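Trainee: Pasting in a structure now, in C-alpha cells, and then I'll have a few things to ask.
The values are calculated or read from the model by the stated rules, or taken from the named source; none is laboratory data. The structure presented is a predicted model; accordingly, all values stated were derived computationally and were not measured. All Cβ positions, glycine included, derive from the backbone under ideal geometry; neighbour counts span all protein chains shown.
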Amino acid sequence: MTDDAVLEALQARCERSLAWHGRRNAADLLDSIDRASAVDRYGEGGVVAELESECAAVLGKPAALFFPSGTMAQQITLRVHADRRNNRAIVFHPACHLDRHEGGAYHRLQSLIGRPAGDQHRLLDLDDLRAVAEPIGALVLELPQRDIGGQQPDLPSLRAQVAWARDRGAAVHLDGARLWESAAGYGVPAAQVAALFDTVYVSFYKGLGALAGCCVAGDEQVIAELREWRQRMGGTVFALWPYAASALTALRERMPRMADYLRHARAIAAALKDAEGVVVVPDPPHTSMMHLLLRTTPEAFTAAARDSPSSRASGAGHGPAPPPIRPYNRWNSRSARRLAGSPPRRSATS
Ligand SMILES: Cc1ncc(COP(=O)(O)O)c(C=O)c1O
C-alpha cells in the first residue's frame with residue numbers, strides 16, 4: 001500500500017473530522033437537495049434563479065450568476081474587466097488559486113497577463129502594490145489567502161489596497177471562495193466586505209459544504225456579459241438545479257454558523273499550539289482555516305499515523321476511536337518536507 005493509500009484508509013475510519021464537513025456519501029449530499037426544487041433549463045429559471053437572487057441579496061450586489069466552478073467563473077470575470085479597460089494585466093498574490101491551481105487558464109484561455117505582487121509566504125501589502133508601475137486592468141484579492149493558512153489583512157489595509165487599484169482605474173475582484181469565513185474573521189457581514197469590490201466570487205462547496213458550484217456577484221451589466229461568456233465556456237449545463245438546490249440549503253444552514261466555526265478553529269489552534277513539533281499558521285487563526293506545520297518527514301508521519309491509538313482502536317474493533325487529528329493533507333506533507341530540509345513537492349490538486 002502506498003503512504004497515501006494508508007493515510008486515506010486511516011482517514012476513512014475516523015469518526016470525527018476537523019476538516020471540511022467530514023467524509024460524506026451520496027445519500028448525505030442528496031439530502032441537501034430539496035425535492036420540491038423548481039428545475040432550471042440551461043441555467044435559466046427555477047432554483048438557479050432563486051439562488052442567484054438570494055446570493056446577490058446576501059452580498060449586497062445588484063445581480064449574481066451561478067457557475068459550475070470557480071475556475072471557470074473567475075477567469076471569465078477577469079476577462080470582462082480586462083476587455084472593458086483594454087488592459088490585460090492582472091495583479092495578484094503569488095500564491096493565489098488563480099495562478100497556482102488552475103493550469104494557467106487565465107493566460108492560456110483568456111490571454112490575460114499575470115503580474116504577481118509581493119512575497120508568496122506572506123500577505124500582500126500596499127508597498128508591494130506600489131512597486132507595480134505599469135497600468136493594470138484588474139487587481140484580484142483572495143480572502144482569506146488559502147495557501148498561507150487562511151491569513152487576511154486587517155480591514156484598513158484591505159481598503160488601502162482596493163483604493164490603490166481604483167486610483168489607477170483598475171477593477172477590483174474578490175476571490176471570495178471563503179468569503180463566508182473571511183467575513184466572520186472580520187466580524188462583519190459578508191456584504192460589508194463585498195461592498196469594496198466590483199465583482200465577488202463565492203463558493204458553495206467549501207465552508208458551506210454544498211455539492212459544487214459558485215456565484216459571481218456584481219452590477220447588472222457585468223453579469224450580463226458574464227452570462228454570455230458562461231455559455232461560450234460551456235458552463236450552461238442543461239441541468240444546474242441539483243447544484244443550486246444544494247447550494248441554497250447550504251447557504252441558509254451554514255452561513256449563520258461561520259462565527260461558531262471560527263471560535264471552534266481558534267479553540268483547536270489554542271489546544272495544539274504547545275504540542276511538540278506542531279506550528280499553527282497563522283496563530284491565532286484569522287478565519288476558520290489554518291495550516292499545521294509538522295516538524296517531521298512524510299515517512300515518519302505515516303509511520304506514526306499507522307501506529308496511533310486511533311488507528312489501532314478502530315482496526316481492532318475496540319469501539320469508537322478518540323477524536324482524531326486530521327491525519328494528512330498535502331500541505332502538511334509539503335510543509336513537513338520544508339521543515340525537514342528537503343524541497344517541497346508541488347501539489348497537483350487544489
Ligand atoms: C481560493 C480558491 N479560489 C478558487 C477556487 C476554485 O474553485 P473551483 O474548485 O470551484 O473551480 C478554489 C478551489 O479550491 C479556491 O480555494
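Trainee: What is the residue count in the stretch 97-137 for residues that are more than 15 Å from the ligand (Cβ to nearest atom) and either assigned to a strand (DSSP E or B) or outside the structural domain of residue 201 (by TED's automatic domain parsing) (or both)?
Mentor: Looking only at that region, the number is 3.
Trainee: Restricting attention to the stretch 202-242, which residues are among the hydroxyl-bearing types (Ser, Thr, Tyr) and closer than 21 Å to residue 257 by Cβ?
Mentor: 203, 205 - these are the residues of the stretch 202-242 that are among the hydroxyl-bearing types (Ser, Thr, Tyr) and closer than 21 Å to residue 257 by Cβ.
Trainee: Still on this structure, I have one more. It is to be established whether one or more residues within the stretch 212-228 are within 16 Å of the ligand (Cβ to nearest atom) and either assigned to a helix (DSSP H, G or I) or among the acidic types (Asp, Glu) (or both).
Mentor: Looking only at the stretch 212-228, we keep the residues that are within 16 Å of the ligand (Cβ to nearest atom), and these are 212-217, 226.
If we keep only those that are either assigned to a helix (DSSP H, G or I) or among the acidic types (Asp, Glu) (or both) as well, we get 226.
Within the stretch 212-228, one or more residues are within 16 Å of the ligand (Cβ to nearest atom) and either assigned to a helix (DSSP H, G or I) or among the acidic types (Asp, Glu) (or both).
Trainee: Another one. If we scan the stretch 29-47, do we find a residue that is in the same structural domain as residue 223 (by TED's automatic domain parsing), in contact with a helix residue (DSSP H, G or I) (Cβ under 7 Å, 6 or more places away or on another chain), within 15 Å of the ligand (Cβ to nearest atom) and not β-branched (Val, Ile, Thr)?
Mentor: So far as the stretch 29-47 goes, no, none of its residues is in the same structural domain as residue 223 (by TED's automatic domain parsing), in contact with a helix residue (DSSP H, G or I) (Cβ under 7 Å, 6 or more places away or on another chain), within 15 Å of the ligand (Cβ to nearest atom) and not β-branched (Val, Ile, Thr).
Trainee: Output the residues belonging to the stretch 124-152 that are polar (S, T, N, Q) and in contact with a Ser or Thr (Cβ under 8 Å, 6 or more places away or on another chain).
Mentor: 152
Trainee: Let me spell it out: the conditions are (1) away from the ligand (no atom under 15 Å from the Cβ); (2) in contact (Cβ under 8 Å) with a residue 60 or more places away in the chain, and residue 65 meets all of them except one. Which number is the exception?
Mentor: Every listed condition holds for residue 65 apart from (1).
Trainee: Across the stretch 68-96, what is the number of residues that are away from the ligand (no atom under 12 Å from the Cβ) and of a type in the set (S, T, N, Q)?
Mentor: The total comes to 2.
Trainee: For residues that are crowded, with 17+ Cβ neighbours inside 10 Å and of a type outside the set (A, V, I, L, M), scanning just the stretch 248-287, find the one that is nearest to residue 184 (Cα to Cα).
Mentor: 287
Trainee: Can you give me the ranges of the helices (runs of 4 or more DSSP H) entirely in the stretch 140-208 with at least 1 residues that are in contact with a His (Cβ under 9 Å, 6 or more places away or on another chain) and surrounded by 23 or more Cβ atoms within 10 Å (Cβ to Cβ)? Working first, answer last.
Mentor: Working: elements: 155-167, 179-186, 190-194.
Result: 179-186.
Trainee: If you don't mind, another one. Any residue in the stretch 221-247 that's closer than 16 Å to residue 48 by Cβ: show its pairings with residues that are surrounded by fewer than 20 Cβ atoms within 10 Å (Cβ to Cβ) and of a type in the set (Phe, Trp, Tyr) at Cβ separation under 6 Å, as long as the two are six or more apart or on different chains.
Mentor: 236/42; 238/42
Trainee: Being under 19 Å from the mean Cα position of the chain (by Cα), on the phi > 0 side of the Ramachandran plot and not hydrophobic (A, V, I, L, M, F, W, C) narrows it down to one of 118, 104, so name that one.
Mentor: 104
Trainee: Now for a different question. Can we say residue 60 is surrounded by fewer than 20 Cβ atoms within 10 Å (Cβ to Cβ), under 23 Å from the mean Cα position of the chain (by Cα) and assigned by TED's automatic domain parsing to the domain that holds residue 175?
Mentor: yes
Trainee: Test residue 25 against the criterion of being in contact (Cβ under 8 Å) with a residue 12 or more places away in the chain and more than 19 Å from the chain's Cα centre (by Cα), and give yes or no.
Mentor: no
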